[in-house]
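Single-structure report; data block below.
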Amino acid sequence: MATSMQPARADDAAAKALATPSDLGEDATAAIAAELNKLAADAFALYVKTKNFHWHMSGPHFRDYHLLLDEQATQIFAMIDPLAERARKLGQTTLRSIGHIARLSRIADDDSEFVPPAAMLSELVNDNKAFTSNLRVAHEIAEEREDVATTSILEVYIDESERRTWFLFEASRGADRSGH
Ligand SMILES: [Fe+2]
């Protein structure tokens, strides 16, 4: 996504003003925080998409799907603050705006006026699966730098993401193409 870059000097000044001491070293904290910030942006986008489908659900399974997506949205939203604050604890900066989220997120928007229920579920299966893969990448980067606090947070989120994928997959299995 196109973006205007801040001047390097402003970035340096911000980094200095917001620095938090960490024994992990600048290279490690920068690499880990870059992953954490992408994940926090993904979580924002996945939260909005899950709520979008919660709000625009239709069909005979409305109640089940509507409630499932609400439960999942709550779980996704709860990840954002710990991910962002983990970056700050490492002495790095985190998300600042909707524009920043859009630049970092790897979750595709779905602006469609109408999405059939079965398509909603399969889209979310794929998004949650991709999110899990990105959690694993971040986990590997944190593990290489011996950041056990980050790895332990991410381990819980990997489990939760796999649970969301499981529920979405099972809920979508019996549905015909329209889900009606
Ligand atoms: Fe709701």
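Too long at a 27 Å Cα-Cα cut-off: which of Lys51/Lys129; Lys16/Lys49; Lys51/Lys89?
Violating the 27 Å Cα-Cα cut-off are Lys16/Lys49; Lys51/Lys89.
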Next on the checklist: Give me log10 I(q)/I(0) at q = 0.10, 0.15, 0.20 Å⁻¹ for segment 47-180, Debye formula, one equal scatterer per alpha-carbon, no solvent.
Outcome noted: -0.37, -0.77, -1.20
Checklist entry - Based on the Cβ-Cβ distance of Glu155 and Trp55, what FRET efficiency does E = 1/(1 + (r/R0)^6) give at R0 = 30 Å, to the nearest 0.05? => result 0.45
Checklist entry - Of Ala138, Leu121, Gly174, whose Cα points farthest to the positive end of the dipole of the chain (charges on the beta-carbon: +1 Lys, Arg; -1 Asp, Glu; origin at the Cα centre)? => result Leu121
Checklist entry - For segment 109-180, what is the Kirkwood hydrodynamic radius in Å, using each pair of distinct C-alpha atoms? => result 13.6
Item to check | Charge sum, other residues only, whose C-beta stays under 14 Å from Ala138's C-beta, Lys/Arg counted +1 and Asp/Glu -1 | outcome: -2
Checklist outcome for this item: At q = 0.13, 0.20, 0.26, 0.27 Å⁻¹, the log10 of I(q)/I(0) for segment 57-127 from a Debye sum over equal Cα scatterers comes to -0.54, -0.99, -1.26, -1.29
Checklist entry - Using the Kyte-Doolittle scale, which helices in the chain average at least -0.5 and also have C-alpha atoms spread 27 Å or more along the helix axis, with helices defined as whole DSSP H runs? => result 26-55, 62-89, 117-144, 148-173
Next on the checklist: How many angstrom lie between the Cα centre of segment 50-73 and the Cα centre of segment 98-150?
Outcome noted: 19
Checklist entry - Hey, what number do you get for the chain at 222 nm if only DSSP H runs of n ≥ 4 count, each worth -39500 (n - 2.57), divided across all residues, to the nearest 500? => result -25000 deg cm²/dmol
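FYI, it's all coordinate maths here, none of it is from the lab. What you see is a predicted model, and the numbers here were worked out from it, not measured in a lab. Backbone-built Cβ (ideal geometry, glycine too); neighbour counts: all protein chains shown.
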